[in-house]
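Asks: Okay, handing you the structure first.
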Amino acid sequence: MEAFLGQIGMGLALGLAALGSALGIGAAGRAAAGAWAKDTKAGKRLDYRYIIFVSMPLTQLFYAFLLLLIGLKAAVYDPVNVAAHAGALFSIGLACGLGEMFSAWLQGLIGAAACRCVSESEGANPLVFLIIAMGIVETVGLFSFILLWLMLPS
């Protein structure tokens, strides 16, 4: 039974990260659709840069998937160790999932603002600055994965 708690924690990491990625992609996707509609109405070409903003929140799901694979590998090869550390695995999975969820969600909100910024900027190209802003939030997701991975019981 205790091993099950540890496995649930690893699943929580993936589930919460997927929720955050979906929310982030949804926020940025709605903004991109509005910007494309505005560009089409103005007779402009559709701008590919919006795809960058829409897709960036997906990476947090990948980080949580890596933690899930690493954590469940331990469960397959040493179920006794997993049972002994079930509480730690549950906590690590939950913490990683929450870190990835909020990182992806907020990255999507920044991506939505970035779509508006690109859409309304006349002649300027703010793309690099916008990607840096989104990258800072990405760093939170990356650190959530790396630091919690290092805390996994061996």
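The values are calculated or read from the model by the stated rules, or taken from the named source; none is laboratory data. From a predicted model like this one, the values you see are computed outputs, not experimental measurements. All Cβ positions, glycine included, derive from the backbone under ideal geometry; neighbour counts span all protein chains shown.
Asks: Residue check, residue 139 against (1) of a type in the set (S, T, N, Q); (2) touching a residue at least 40 places away in the same chain (Cβ under 8 Å); (3) more than 25 Å from residue 34 (Cβ to Cβ), all met but one. Which one?
Replies: Among (1) of a type in the set (S, T, N, Q); (2) touching a residue at least 40 places away in the same chain (Cβ under 8 Å); (3) more than 25 Å from residue 34 (Cβ to Cβ), residue 139 violates only (2).
Asks: Taking the stretch 78-122 as the region of interest, how many residues are under 20 Å from residue 31 (Cα atoms) and without any contact (Cβ under 8 Å) to a residue 24 or more places away in the chain?
Replies: Filtering the stretch 78-122 for residues under 20 Å from residue 31 (Cα atoms) gives 101-122.
Then drop every residue that is not without any contact (Cβ under 8 Å) to a residue 24 or more places away in the chain, which leaves 117, 120-122.
Count: 4.
Asks: Would you mind telling me which numbered condition in (1) surrounded by 22 or more Cβ atoms within 10 Å (Cβ to Cβ); (2) at pLDDT 95 or above residue 146 fails?
Replies: (1)
Asks: Determine whether residue 50 is within 18 Å of residue 135 (Cα to Cα), assigned to a helix (DSSP H, G or I) and more than 14 Å from the chain's Cα centre (by Cα).
Replies: When the stated conditions are applied, residue 50 passes them.
Asks: Can you spot a residue in the stretch 10-23 that is in a loop (DSSP other than H, G, I, E, B) and modelled with pLDDT under 90? Spell out how you get there, then give the answer.
Replies: We begin by selecting, within the stretch 10-23, every residue in a loop (DSSP other than H, G, I, E, B); these are none.
So far as the stretch 10-23 goes, no, none of its residues is in a loop (DSSP other than H, G, I, E, B) and modelled with pLDDT under 90.
Asks: I would also like to ask the following. If the requirement is being touching an Asp or Glu at 6+ places or on another chain (Cβ under 7 Å), surrounded by fewer than 18 Cβ atoms within 10 Å (Cβ to Cβ) and assigned to a helix (DSSP H, G or I), which of these qualifies: 64, 113, 83, 88? Outline the logic, then answer.
Replies: Numbers: 64 fails: surrounded by fewer than 18 Cβ atoms within 10 Å (Cβ to Cβ); 113 fails: touching an Asp or Glu at 6+ places or on another chain (Cβ under 7 Å); 88 fails: touching an Asp or Glu at 6+ places or on another chain (Cβ under 7 Å).
None of the other options fit; the residue is 83.
Asks: All but one of (1) under 23 Å from residue 9 (Cβ atoms); (2) at pLDDT 95 or above; (3) surrounded by fewer than 16 Cβ atoms within 10 Å (Cβ to Cβ) hold for residue 136, so report the exception by its number.
Replies: Here residue 136 clears every test but (1).
Asks: Does at least one position in the stretch 70-89 carry a residue that is over 13 Å from the mean Cα position of the chain (by Cα) and modelled with pLDDT of 90 or more?
Replies: Initial filter on the stretch 70-89 (over 13 Å from the mean Cα position of the chain (by Cα)): 70-89.
If we keep only those that are modelled with pLDDT of 90 or more too, we end up with none.
No, the stretch 70-89 contains no residue that is over 13 Å from the mean Cα position of the chain (by Cα) and modelled with pLDDT of 90 or more.
Asks: Okay, moving on. Of the residues that sit in the stretch 48-61 and are out of contact with any helix residue (DSSP H, G or I) (no Cβ under 6 Å at 6 or more places or on another chain) and within 15 Å of residue 118 (Cα to Cα), which one is surrounded by the most Cβ atoms within 10 Å (Cβ to Cβ)?
Replies: Of the stretch 48-61, the ones out of contact with any helix residue (DSSP H, G or I) (no Cβ under 6 Å at 6 or more places or on another chain) are 48, 51-52, 55, 59.
Adding the requirement that they be within 15 Å of residue 118 (Cα to Cα) leaves 48, 51-52.
Details: 48: 7, 51: 13, 52: 18.
Restricting to residues being out of contact with any helix residue (DSSP H, G or I) (no Cβ under 6 Å at 6 or more places or on another chain) and within 15 Å of residue 118 (Cα to Cα), the top hit is 52.
Asks: Only one residue in 43, 15, 6, 26 is buried (at least 19 other Cβ atoms within 10 Å of the Cβ) and of a type outside the set (A, V, I, L, M), so which one is that?
Replies: Only one candidate passes the filter, namely 6.
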